[in-house]
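Student: Sharing a structure below in structure tokens format, with a few things to ask.
The values are calculated or read from the model by the stated rules, or taken from the named source; none is laboratory data. The shown structure was predicted, so the numbers you read here are calculated from the model rather than taken from an experiment. Here the Cβ positions follow ideal geometry from the backbone for every residue, glycine too, while neighbour counts run over all protein chains shown.
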Amino acid sequence: MTEKGLLLVTGGSRGIGAAVAKRAAKKGWTVALTYRSNRQEAEALVASIRDEGGRASCHQCDVGDEASILRLFEAIDGLDQPLRGLVNNAGIVDQASPLAAMTTERMRRVFDVNILGAFIVAREAIRRMARSDGTAGGAIVNVSSIAAKLGGAGTYVDYAASKGAIDTLTVGLGLELAGQGVRVNAVRPGIIDTDIHADAGDPQRVDRVGSSLPMQRAGEPEEVADAILYLLSDEASYVTGALLDVSGGR
Ligand code: NDP
């Protein structure tokens, strides 16, 4: 197993982020994963990765709070290993609602976490990865959503718009860093079987939407993780600024 360097996975305690952390550790990454509140789950995941011979640590971080992000990067610096990968995965969606009924507070929180948080995390990562001569570097994968192109009409236009901004960040940053040895890409998952739907008050959403799709099922977190691992890997060495739909044909 080749040592690949340090990979930061935000929102790595559950769902897609946890699947990325597990698979990345198997591929030789040293994984630093973050959780917001589920410390026990994060610690259990780290323990299971270590039991299987992998390297991992977990760190508390609310990506909706800049001070918390800066503390996270202090901890990352303390790991004394060069940061070579980032999966900008932490994200939230609120309950289904038409825009007319959304509070400003809800919209601000969604934007703070999904966009501003992703921007600040990316900025701090780039400061540690980018080299003007392109010798070192790394790879960033942003976790967007197919909602960015569908729009979230009547349910979560706030979330969809925040993911649209993630797509634009991906394209712009991909070009900005193309000469500095850092690739930036995004995956756009469709409906994936994780807690995010129950947390948003709609646990039936996975089956309801999944059965209506061309592939007639929801995706598994591991299926998104595999696409993310590809974009992080050397097999994707000529891929940057790309948006990869992982959506069962949605
Ligand atoms: P989950 O709800 O299963 O997991 C969310 C993760 O993010 C957890 O680790 C959680 O930590 C962490 N998190 C939540 N809020 C914050 C915050 N403010 N700061 C830091 N970390 C936070 O979500 P998914 O795995 O489903 O989603 C991961 C990403 O995939 C999100 O960006 C989401 O928008 C995107 N996505 C998901 C789809 C799906 O159908 N599941 C479809 C399209 C995109 P803790 O455990 O401590 O709460």
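Student: Only one residue in Arg217, Arg183, Arg188 is outside any loop (DSSP other than H, G, I, E, B), more than 18 Å from Arg84 (Cα to Cα) and of a type in the set (Lys, Arg), so which one is that?
Tutor: Arg188
Student: If Asp226 satisfies every condition in (1) surrounded by fewer than 19 Cβ atoms within 10 Å (Cβ to Cβ); (2) at pLDDT 95 or above; (3) outside any helix (DSSP H, G or I) but one, which is the exception?
Tutor: (3)
Student: Moving to a separate point now. Given the criteria more than 29 Å from Gly190 (Cβ to Cβ), under 18 Å from the mean Cα position of the chain (by Cα) and more than 8 Å from the ligand (Cβ to nearest atom), does Glu74 qualify?
Tutor: no
Student: Just checking, which of Gly241, Gly249 is outside any helix (DSSP H, G or I), touching a Pro at 6+ places or on another chain (Cβ under 6 Å) and not polar (S, T, N, Q)?
Tutor: After applying the criteria, what remains is Gly249.
Student: Would you be able to say whether some residue in segment 119-142 is within 11 Å of the ligand (Cβ to nearest atom) and farther than 21 Å from Leu33 by Cβ?
Tutor: no
Student: Just checking: which of the strands (runs of 3 or more DSSP E) contained wholly in segment 1-102 hold 2 or more residues that are among the β-branched types (Val, Ile, Thr) and on the phi < 0 side of the Ramachandran plot?
Tutor: So the answer is 29-35.
Student: Under the condition of being in a loop (DSSP other than H, G, I, E, B) and of a type in the set (A, V, I, L, M), which residue from segment 167-180 is farthest from the ligand (Cβ to nearest atom)?
Tutor: Among those that are in a loop (DSSP other than H, G, I, E, B) and of a type in the set (A, V, I, L, M), it is Ala178.
Student: Could I ask something else about it? Checking the conditions here, which among Asp65, Asp94 is closer than 20 Å to Gly15 by Cβ and not β-branched (Val, Ile, Thr)?
Tutor: Going through Asp65, Asp94 in turn, the sole match is Asp94.
Student: Of all residues being surrounded by fewer than 17 Cβ atoms within 10 Å (Cβ to Cβ) and aliphatic (A, V, I, L, M) in segment 172-198, which is farthest from Asp94 (Cα to Cα)? Just the residue, please.
Tutor: Top of the filtered list is Ala178.
Student: Which one is nearest to Ile92 (Cα to Cα), of the residues in segment 23-48 that are touching a helix residue (DSSP H, G or I) at 6+ places or on another chain (Cβ under 7 Å) and buried (at least 21 other Cβ atoms within 10 Å of the Cβ)?
Tutor: Top of the filtered list is Tyr35.
Student: Could you check Gly201 against (1) surrounded by fewer than 19 Cβ atoms within 10 Å (Cβ to Cβ); (2) within 9 Å of the ligand (Cβ to nearest atom); (3) of a type outside the set (A, V, I, L, M, F, W, C) and say which number it fails?
Tutor: (2)
Student: Another question, then. Quick test of your reading of the structure: Gly164 fulfils all but one of (1) within 14 Å of the ligand (Cβ to nearest atom); (2) in contact (Cβ under 8 Å) with a residue 12 or more places away in the chain; (3) crowded, with 20+ Cβ neighbours inside 10 Å. Name the failing condition by number.
Tutor: Failing condition for Gly164: (3).
Student: For residues in segment 100-118 being more than 14 Å from the ligand (Cβ to nearest atom) and surrounded by 15 or more Cβ atoms within 10 Å (Cβ to Cβ), which is farthest from Asp62 (Cα to Cα)?
Tutor: Restricting to residues being more than 14 Å from the ligand (Cβ to nearest atom) and surrounded by 15 or more Cβ atoms within 10 Å (Cβ to Cβ), the top hit is Met102.
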